[in-house]
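These notes are about the structure you will find just below.
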Amino acid sequence: MVTKGRTGQPTLEEVAALAGVGRGTVSRVINNSPRVKDTTRHLVEQAIAQLGYIPNRAARALAGSRTDAVALVIPETEKRFFAEPYFSEIVHGVGDGLADTDLQLLLTLVRTEKERDRFLQYARARRIDGVLLVSVHGSDPLPDLLAGMEMPTVLSGRRSGDESVSYVDSDNVGGARAAVRHLSSSGRRAIATITGPLDMYVARCRLRGYEEAVRDHAAGPAPSWIAHGDFTEESGRRAMAELLRLHPEIDAVFAASD
């Protein structure tokens with residue numbers, strides 16, 4: 001029976017008593033077990049709502065070997081993280097994706113090998129249930145190390161064309177090609193490009209798309225029409241100044257990053 005006048009949080013036992021079921025049945029309902037009849041589930045849910053019962057998430061996590069936390073890992077410096085709107089958009093998107101779940105988002109910057117090792121120890125201790133990796137460079141071993149410990153991991157982008165870790169990516173070659181063809185169809189002929197860091201697969205793909213599109217109406221881009229950047233605003237400024245110095249006749253630029 002529910003004790004009248006109590007001041008503490010409702011307990012699992014009180015929910016069970018009010019619903020007229022056993023403690024184990026309440027636990028199964030809370031953990032979304034399919035082994036509960038709909039009528040029984042409804043009684044338990046009514047009792048939970050009536051009492052204002054809040055499940056002990058720490059106990060549930062321990063019982064199910066879950067932490068209900070996901071790490072968003074960005075292997076970049078804090079200067080770049082705070083300077084580039086791209087990263088804030090990523091955090092916003094991940095937050096939206098988790099908004100209707102009970103998962104907690106942990107943001108982690110991995111700037112050095114020491115920080116990478118520290119994060120790996122954290123992950124190895126199973127303090128998180130999964131990892132989202134953003135802005136991974138081609139030589140970064142972190143995705144493989146996480147996969148080796150069977151930590152669920154997804155990359156935003158990929159390190160190469162034969163990426164072994166799960167990823168979500170865009171058609172960067174096709175997108176670049178379409179952008180340059182759009183410039184060409186509007187009458188532009190002196191089209192240059194500013195690349196991203198070529199140790200990143202996304203940057204190489206966008207350069208490839210540019211080169212393919214330029215070859216459609218010319219012999220191909222000369223090296224001096226390709227200025228190298230690193231996805232930062234400052235590198236784009238330097239690259240554009242160099243292009244204008246070498247080719248004052250330039251009439252369009254495909255930039256690998258805004």
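The values are calculated or read from the model by the stated rules, or taken from the named source; none is laboratory data. In this text the structure is predicted, and so the values were computed from the model without any measurement. All Cβ positions, glycine included, derive from the backbone under ideal geometry; neighbour counts span all protein chains shown.
Per-structure values
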{"item": "Output for region 197-237, where each listed residue is small (Gly, Ala, Ser), more than 27 Å from Val134 (Cβ to Cβ) and surrounded by 16 or more Cβ atoms within 10 Å (Cβ to Cβ)", "result": "Ala213"}
{"item": "Subset of region 15-27 that is surrounded by 18 or more Cβ atoms within 10 Å (Cβ to Cβ) and under 41 Å from the mean Cα position of the chain (by Cα) - its residue that is modelled with the lowest pLDDT", "result": "Ser27"}
{"item": "Test: Ile194 is surrounded by 17 or more Cβ atoms within 10 Å (Cβ to Cβ) and at pLDDT below 95", "result": "no"}
{"item": "Residue match in region 225-232 (condition: at pLDDT 95 or above and within 30 Å of Glu150 (Cβ to Cβ))", "result": "no"}
{"item": "Those residues of region 67-82 which are out of contact with any strand residue (DSSP E or B) (no Cβ under 8 Å at 6 or more places or on another chain) and either surrounded by fewer than 14 Cβ atoms within 10 Å (Cβ to Cβ) or of a type in the set (Asp, Glu) (or both), in sequence order", "result": "Lys79, Phe82"}
{"item": "Check on Glu163, farther than 18 Å from Leu243 by Cα, of a type in the set (Asp, Glu) and surrounded by 13 or more Cβ atoms within 10 Å (Cβ to Cβ)", "result": "yes"}
{"item": "Given (1) more than 19 Å from Arg66 (Cβ to Cβ); (2) at pLDDT below 90, index of the condition Arg116 fails", "result": "(2)"}
{"item": "Positions within region 105-121 being over 21 Å from Ser166 (Cα atoms) and surrounded by 12 or more Cβ atoms within 10 Å (Cβ to Cβ), in sequence order", "result": "Arg111, Glu115, Asp117, Arg118"}
{"item": "Residues satisfying the stated conditions in region 109-126, i.e. under 23 Å from Ala203 (Cα atoms) and in contact (Cβ under 8 Å) with a residue 24 or more places away in the chain", "result": "Leu109, Val110, Arg111"}
{"item": "Qualifying position, being in contact with a Gly (Cβ under 7 Å, 6 or more places away or on another chain), in the same structural domain as Glu84 (by TED's automatic domain parsing) and free of Cβ contacts under 8 Å to residues at least 40 places away in the same chain, among Pro143, Pro152", "result": "Pro152"}
{"item": "Output for region 154-205, where each listed residue is of a type in the set (A, V, I, L, M), in contact with a Ser or Thr (Cβ under 9 Å, 6 or more places away or on another chain) and not in a helix (DSSP H, G or I)", "result": "Val154, Leu155, Val165, Val168, Ile191, Ala192, Ile194, Met200"}
{"item": "Residue in region 63-77 that is assigned to a helix (DSSP H, G or I) and at pLDDT 85 or above present", "result": "no"}
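To keep it simple, each residue is scored yes or no on (1) surrounded by fewer than 13 Cβ atoms within 10 Å (Cβ to Cβ); (2) under 30 Å from Val21 (Cβ atoms); (3) in contact with a Lys or Arg (Cβ under 9 Å, 6 or more places away or on another chain); (4) in contact (Cβ under 8 Å) with a residue 40 or more places away in the chain.
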{"position": "Val94", "(1), (2), (3), (4)": "no, no, no, no"}
{"position": "Asp102", "(1), (2), (3), (4)": "yes, yes, yes, yes"}
{"position": "Ile128", "(1), (2), (3), (4)": "no, no, no, yes"}
{"position": "Gly138", "(1), (2), (3), (4)": "no, no, yes, yes"}
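Condition check ((1) of a type outside the set (Lys, Arg); (2) modelled with pLDDT of 95 or more; (3) in the same structural domain as Val180 (by TED's automatic domain parsing); (4) in contact with a Phe, Trp or Tyr (Cβ under 6 Å, 6 or more places away or on another chain)) across all residues:
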position	(1), (2), (3), (4)
His217	yes, no, yes, no
Ala222	yes, no, yes, no
Ala239	yes, yes, yes, no
Arg245	no, yes, yes, no
